[in-house]
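A.B. asks: So that we are looking at the same thing, I have put the structure below in structure tokens.
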Amino acid sequence: MARALLAGIVGSEQAAAIHRAQALLLEAELELEDGKPAAARLALDRADEVLLEAPDVLLRAVRDATLGRIQLAEDQQAGAAMSFDRESLARRQLGHFQEMCAALTRAGEAHEKTGRTRDASDRYFRAARSLLAQGAPRRAESLAARALKLAVSAEPPVDADGRSRLEDLLERCRKAAAALAQNSSP
């Protein structure tokens with residue numbers, strides 16, 4: 001049923017380009033959920049053609065997120081990292097900071113799988129810093145700790161200033177999480 005509806009939108013000459021692009025992006029997501037990354041990539045390629053007619057920052061962010069997930073399914077970690085990095089930039093431009101943090105985290109995970117620990121550490125640091133500013137210190141603390149661990153083990157390890165920034169962020173996260181816990185206890 002959903003696929004038939006999507007096909008109707010995509011094939012409609014009356015549907016605006018932005019709606020056709022949304023339908024194709026949704027089709028790509030459905031194909032990916034069905035475990036068909038090749039079919040998802042075909043739908044995404046068709047969406048790319050339509051997005052030329054309707055440039056939209058939000059649709060670009062969704063497109064990059066979808067491409068990143070397709071690349072993960074195809075075990076293309078480096079490409080996925082780049083796609084999630086582009087998504088995070090678009091989400092930041094839109095002011096969608098929670099989604100930006102999720103994209104940065106996904107980029108960090110993909111960088112980590114490729115052995116690019118400095119890049120992974122940077123993405124986790126940026127996500128943690130933003131989460132702390134958004135009032136989510138527990139999630140921020142987890143990412144800050146991960147960033148610090150990777151930064152120390154990186155070859156070459158981050159310099160003293162970088163390590164100090166990470167340690168400072170981790171301490172601020174811990175303090176904010178403790179304050180939040182204290183304020184929420186009866």
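Values in this text are rule-based calculations from the coordinates and carry no lab data. These figures come from a predicted structure and were not determined experimentally. FYI the Cβ positions are ideal-geometry reconstructions off the backbone, even for glycines, and counts take in every protein chain you see.
A.B. asks: I need the P(r) histogram for the range 13-85: all alpha carbon pairs, bin width 5 Å from 0 out to the longest distance, whole percents.
C.D. replies: For the range 13-85, the binned pair fractions read 4, 20, 28, 24, 16, 6, 2, 0 percent.
A.B. asks: Per residue of the range 38-47, in order, report the coupling 6.51 cos²θ - 1.76 cosθ + 1.60 (Karplus, θ = phi - 60°) as ³J(HN,Hα) in whole Hz, putting x for Gly and Pro.
C.D. replies: 5, 5, 5, 5, 4, 5, 5, 4, 5, 4
A.B. asks: Quick one, what does Rg over Rh come out to for the range 116-181 if you take C-alpha atoms and the Kirkwood Rh?
C.D. replies: Details: Rg = 11.3 Å, Rh = 11.4 Å.
Reported Rg/Rh, Kirkwood definition of Rh: 0.99.
A.B. asks: Still on this structure: From the P(r) of the chain, can you give the percent of Cα pairs sitting at distances over 20 Å? Write out the running numbers ahead of the final one.
C.D. replies: On the way: 10334 of 17205 pairs.
Value for the chain (Cα pairs over 20 Å): 60 percent.
A.B. asks: What's the angle, to the nearest 10 degrees (0 to 90), between helix 57-73's Cα axis and the longest principal axis of the chain?
C.D. replies: Once rounded, one gets 80 degrees.
A.B. asks: Could you pull the Cα extents of the range 63-132 along its three principal axes, largest to smallest, in whole Å?
C.D. replies: Over the range 63-132, Cα extents along the principal axes are 30, 26, 12 Å.
A.B. asks: Something else about it: Packing-wise, with mean Cβ within 10 Å as the measure, how do 142-150, 170-178, 43-51 rank, highest first? Provide the component values of the computation, followed by the final result.
C.D. replies: On the way: 142-150: 22.3, 170-178: 16.7, 43-51: 18.6.
Result, highest mean first: 142-150, 43-51, 170-178.
A.B. asks: Right, next: For the chain, find the longest principal axis of its Cα atoms and tell me its angle to the long axis of helix 97-113, 0 to 90°, nearest 10.
C.D. replies: 80 degrees
A.B. asks: A follow-up question, please. Relative contact order (percent) for the chain, with alpha-carbon contacts under 8 angstrom and 6 or more residues of separation? Can you show the working numbers first?
C.D. replies: Numbers: 242 pairs, mean separation 22.0, N = 186.
The value is 12 percent.
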